[in-house]
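Each value in this text was obtained by applying a stated rule to the coordinates, not by laboratory testing. Values in this document were obtained by computation on a predicted structure and should not be read as measured data. Cβ atoms come from the backbone with ideal geometry, glycine included; neighbour counts cover every protein chain shown.
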Amino acid sequence: MTVTAAADKSTTADTSTAAGTSTAAGTSTAAEKTGARTAEAAGVITGARERIDALDDRIIGLIQERMAVSAVIQEARIASGGRRVNLSREMEVLDHYRQALGRPGTALAMTTLELCRGRV
C-alpha cells in the first residue's frame with residue numbers, strides 16, 4: 001500500500017524534467033508537445049515551430065495584401081467594362097506556382113486565387 005500511495009502522490013505533484021514540466025492537471029512536457037524523445041530535440045523543435053508561426057503570420061499578411069491589390073485590379077477592370085476575372089492571367093499565376101513549387105504549388109495557387117477573387 002505504501003508504494004501505491006507514493007505513486008499516487010507523484011501523479012498529483014508537479015514533476016520537472018529536462019524537457020519541461022508536467023502536472024496531473026494536464027500540462028504536458030515539451031517532449032510530449034513536440035513528439036521529441038530528448039530535451040535537446042524538444043528545444044530545437046520548439047524554436048523551429050516559433051519561427052514557422054512567425055513565417056505563417058508573414059504569409060497571411062502577404063496574402064491579405066495580395067487580396068487588397070487584387071481588389072484594386074478587379075475594380076479597375078470592371079470600371080473599364082472588362083470582366084472581374086482574367087483567366088489568362090490566372091493561368092500564368094498557376095504556372096508560376098507550379099514551376100516554383102511543383103504540383104502542390106498549383107493547389108496553393110488555386111487557393112490563393114480563390115481568396116483574391118470576388119471581393120469587389
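Points to keep in mind about this one:
- Residues Met91, Met67, sorted so that the one with the fewest Cβ neighbours within 10 Å comes first: Met91, Met67
- Neighbourhood charge, 12 Å Cβ-Cβ cut-off, centred on Ala31 and excluding it, Lys, Arg +1 and Asp, Glu -1: 0
- With both labels modelled 7 Å from their Cα along Cα-to-Cβ, the Arg117 to Lys33 distance reads 4.0 nm.
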